[in-house]
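The values are calculated or read from the model by the stated rules, or taken from the named source; none is laboratory data. These figures come from a predicted structure and were not determined experimentally. With ideal geometry, Cβ positions are generated from the backbone for all residues, glycine too; neighbour counts draw on all protein chains shown.
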Ligand code: UDX
């Protein structure tokens, strides 16, 4: 067995398990930082695509960086987990932790399986670094698993290093993180982590070394705070609407207070995606298990306000169509859960589009990137290939994801295509006066009706 301390290894070999949004970006970024990298996934199709320079999802900047790093010879992809475990010095666990089908708890089976495979197949001293979002207490359990499964004589440590990347900005967030949090690391593991992140640390990224449970909780608390901020402004949006005030102006005014900040104060259809909804539910579940009932109650309200926004937009569409959408044509702009992604996991936009379709409306959806992923989830909706096609003949137009091309669309040109020029801006990014002067009846969440 190797006895070289990891922090003295001339060039670390980094294995990254899971090549979804998180893992694929992390693997490419690690190669960009100069390491030898093996990206590993049990899905052979994903591995083959990545090895051929194709990113199997839309993430701006990632295809270019993938191509660049494949050309250096530092970056490889493989479906052989055991071989990657034997090859690497540092093993990043980036597999998913989706919500369980039957409860709010996180499904940890992918994390447990990846960590077990790595531990079982180690042939030299190693560091296992968890990046997946997990309920507090998970990493301690994984340590026991590693101790049981690692071959005798191999010195292996498990630490937690949560990831905060946003889809659509994943490359920049990974290469230039706001902070680096490491939980449960010995001095030797701390030195290895500082070696891995030497470049961002040299750029001034703060490092927080802490214990395992704190590191696990930092991630879910960050997402819970962001979700709370969104639900707060959405709750205030309802007050604005009732009082003929404008929540977008209010948010700008609030945002000038540096203690509050403007980010995550966009009122509208609320949060979705693969992280915020499932992470606050998993935290709710875990907080209840731990007896922290107030935290669970707070997050329950956040979730309810958020889901209520989808109902509010459906109600506005019903109202616009005189109480029933049966056989009405509804144009929908946006399917992705936010702009700059093709991700439709728990997308509020698709949820609203599908609900209106189920009420008998003829719904035509256009999204610049998420048309294909949306079609896989909701094949019964109609999909357009342009804004104009979605607007054509519509009785009401819904703007459900704030892609810049929707925000920059010409209301005059579109008005002539609609059957009835009626728009519901569910993301608060259109300028009501422009749309109204182009002949549109305009409704927005948190904005005066007239
Ligand atoms: C989030 C966290 O931001 C990131 O740090 C974490 O690692 C993963 O989860 P992401 O899911 O990519 O990232 O999306 P994010 O940009 O946070 O947006 C989440 C949702 O909130 C989107 O549906 C977005 O439309 C919505 N949102 C965001 C609002 O409704 N209002 C806002 O002001 C901001």
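Taking the conditions exactly as written (within 16 Å of the ligand (Cβ to nearest atom), touching a helix residue (DSSP H, G or I) at 6+ places or on another chain (Cβ under 7 Å) and under 15 Å from residue 129 (Cα atoms)), does residue 162 satisfy them or not? First the steps, then the outcome.
Working: within 16 Å of the ligand (Cβ to nearest atom): yes; touching a helix residue (DSSP H, G or I) at 6+ places or on another chain (Cβ under 7 Å): yes; under 15 Å from residue 129 (Cα atoms): yes.
When the stated conditions are applied, residue 162 passes them.
Within segment 378-388, can one find any residue that is within 16 Å of the ligand (Cβ to nearest atom), assigned by TED's automatic domain parsing to the domain that holds residue 249 and within 21 Å of residue 336 (Cα to Cα)?
As a first pass, look at segment 378-388 and keep what is within 16 Å of the ligand (Cβ to nearest atom): none.
Taking every residue of segment 378-388 in turn, none turns out to be within 16 Å of the ligand (Cβ to nearest atom), assigned by TED's automatic domain parsing to the domain that holds residue 249 and within 21 Å of residue 336 (Cα to Cα).
Run residue 226 past the list (1) near the ligand (Cβ under 9 Å from one of its atoms); (2) surrounded by 21 or more Cβ atoms within 10 Å (Cβ to Cβ) and report the number of the one that doesn't hold.
(2)
I'm checking my understanding of the structure. Among residues of segment 126-145 that are in contact with a helix residue (DSSP H, G or I) (Cβ under 7 Å, 6 or more places away or on another chain) and surrounded by fewer than 20 Cβ atoms within 10 Å (Cβ to Cβ), which one is farthest from residue 39 (Cα to Cα)? Steps first, answer last, please.
Of the residues in segment 126-145, the ones in contact with a helix residue (DSSP H, G or I) (Cβ under 7 Å, 6 or more places away or on another chain) are 127-128, 130-140, 142, 145.
Checking the rest, the ones that are also surrounded by fewer than 20 Cβ atoms within 10 Å (Cβ to Cβ) come to 137, 140, 145.
Working: 137: 27, 140: 25, 145: 23 Å.
Selected residue: 137.
So which of 248, 199, 205, 288 is touching a residue at least 40 places away in the same chain (Cβ under 8 Å), on the phi < 0 side of the Ramachandran plot and surrounded by fewer than 18 Cβ atoms within 10 Å (Cβ to Cβ)? Don't jump to the end; show me each part of the working.
On the way: 248 fails: surrounded by fewer than 18 Cβ atoms within 10 Å (Cβ to Cβ); 205 fails: touching a residue at least 40 places away in the same chain (Cβ under 8 Å); 288 fails: touching a residue at least 40 places away in the same chain (Cβ under 8 Å).
One residue alone meets the criteria, 199.
Closer than 21 Å to residue 273 by Cβ and not in a loop (DSSP other than H, G, I, E, B): which single residue out of 215, 221 fits that description?
Working: 215 fails: closer than 21 Å to residue 273 by Cβ.
Only one candidate qualifies: 221.
Report yes if residue 265 is within 7 Å of the ligand (Cβ to nearest atom) and part of a loop (DSSP other than H, G, I, E, B), otherwise no.
Taking the combined requirement at face value, the residue satisfies it.
When residue 258 is evaluated against the numbered criteria (1) in contact (Cβ under 8 Å) with a residue 12 or more places away in the chain; (2) surrounded by fewer than 17 Cβ atoms within 10 Å (Cβ to Cβ), which criterion, by number, is the only one it fails?
Just one mismatch for residue 258, condition (1).
Regarding residue 244, is this residue assigned by TED's automatic domain parsing to the domain that holds residue 311, more than 24 Å from the chain's Cα centre (by Cα) and assigned to a loop (DSSP other than H, G, I, E, B)?
For residue 244, the condition - assigned by TED's automatic domain parsing to the domain that holds residue 311, more than 24 Å from the chain's Cα centre (by Cα) and assigned to a loop (DSSP other than H, G, I, E, B) - is met.
Sort out which residues of segment 17-37 are surrounded by 24 or more Cβ atoms within 10 Å (Cβ to Cβ), more than 16 Å from the ligand (Cβ to nearest atom) and outside any helix (DSSP H, G or I), and write them in order of number.
If the condition is that a residue be surrounded by 24 or more Cβ atoms within 10 Å (Cβ to Cβ), more than 16 Å from the ligand (Cβ to nearest atom) and outside any helix (DSSP H, G or I), then 17, 19, 37 are the ones that fit.
I'm told residue 86 meets every condition in (1) over 28 Å from residue 346 (Cα atoms); (2) under 19 Å from the mean Cα position of the chain (by Cα) except one. Can you identify the failing condition by its number?
(2)
Can you name every residue in segment 53-75 that is within 25 Å of the chain's Cα centre (by Cα) and outside any helix (DSSP H, G or I)?
Hits for segment 53-75 are 53, 54, 55, 56, 57, 58, 59, 60, 61, 75.
Quick check: anything in segment 440-449 part of a loop (DSSP other than H, G, I, E, B), in contact with a strand residue (DSSP E or B) (Cβ under 7 Å, 6 or more places away or on another chain) and free of Cβ contacts under 8 Å to residues at least 60 places away in the same chain?
Checking segment 440-449: at least one residue is part of a loop (DSSP other than H, G, I, E, B), in contact with a strand residue (DSSP E or B) (Cβ under 7 Å, 6 or more places away or on another chain) and free of Cβ contacts under 8 Å to residues at least 60 places away in the same chain.
Tally time: how many residues in segment 340-384 are in contact with a helix residue (DSSP H, G or I) (Cβ under 7 Å, 6 or more places away or on another chain), part of a helix (DSSP H, G or I) and surrounded by fewer than 17 Cβ atoms within 10 Å (Cβ to Cβ)?
The number of residues fulfilling the criteria is 1.
Given (1) away from the ligand (no atom under 13 Å from the Cβ); (2) under 30 Å from residue 21 (Cα atoms), identify the lone condition not met by residue 244.
Failed condition: (2).
Give segment 287-339 a look and list any residue that's assigned to a loop (DSSP other than H, G, I, E, B) and touching a helix residue (DSSP H, G or I) at 6+ places or on another chain (Cβ under 6 Å), or say none.
Going through segment 287-339, the residues assigned to a loop (DSSP other than H, G, I, E, B) turn out to be 290-292, 321-328, 334-339.
If the condition is that a residue be assigned to a loop (DSSP other than H, G, I, E, B) and touching a helix residue (DSSP H, G or I) at 6+ places or on another chain (Cβ under 6 Å), then 325, 334, 335 are the ones that fit.
Looking only at segment 253-260, decide whether some residue is away from the ligand (no atom under 13 Å from the Cβ), under 24 Å from residue 399 (Cβ atoms) and either out of contact with any strand residue (DSSP E or B) (no Cβ under 7 Å at 6 or more places or on another chain) or not assigned by TED's automatic domain parsing to the domain that holds residue 164 (or both). Before the answer, list the steps.
The initial filter retains those residues of segment 253-260 that are away from the ligand (no atom under 13 Å from the Cβ), namely 253, 256-259.
With the extra rule that they be under 24 Å from residue 399 (Cβ atoms), the set shrinks to 253.
Add one more test, that the residue is either out of contact with any strand residue (DSSP E or B) (no Cβ under 7 Å at 6 or more places or on another chain) or not assigned by TED's automatic domain parsing to the domain that holds residue 164 (or both), and what stays is 253.
Within segment 253-260, one or more residues are away from the ligand (no atom under 13 Å from the Cβ), under 24 Å from residue 399 (Cβ atoms) and either out of contact with any strand residue (DSSP E or B) (no Cβ under 7 Å at 6 or more places or on another chain) or not assigned by TED's automatic domain parsing to the domain that holds residue 164 (or both).
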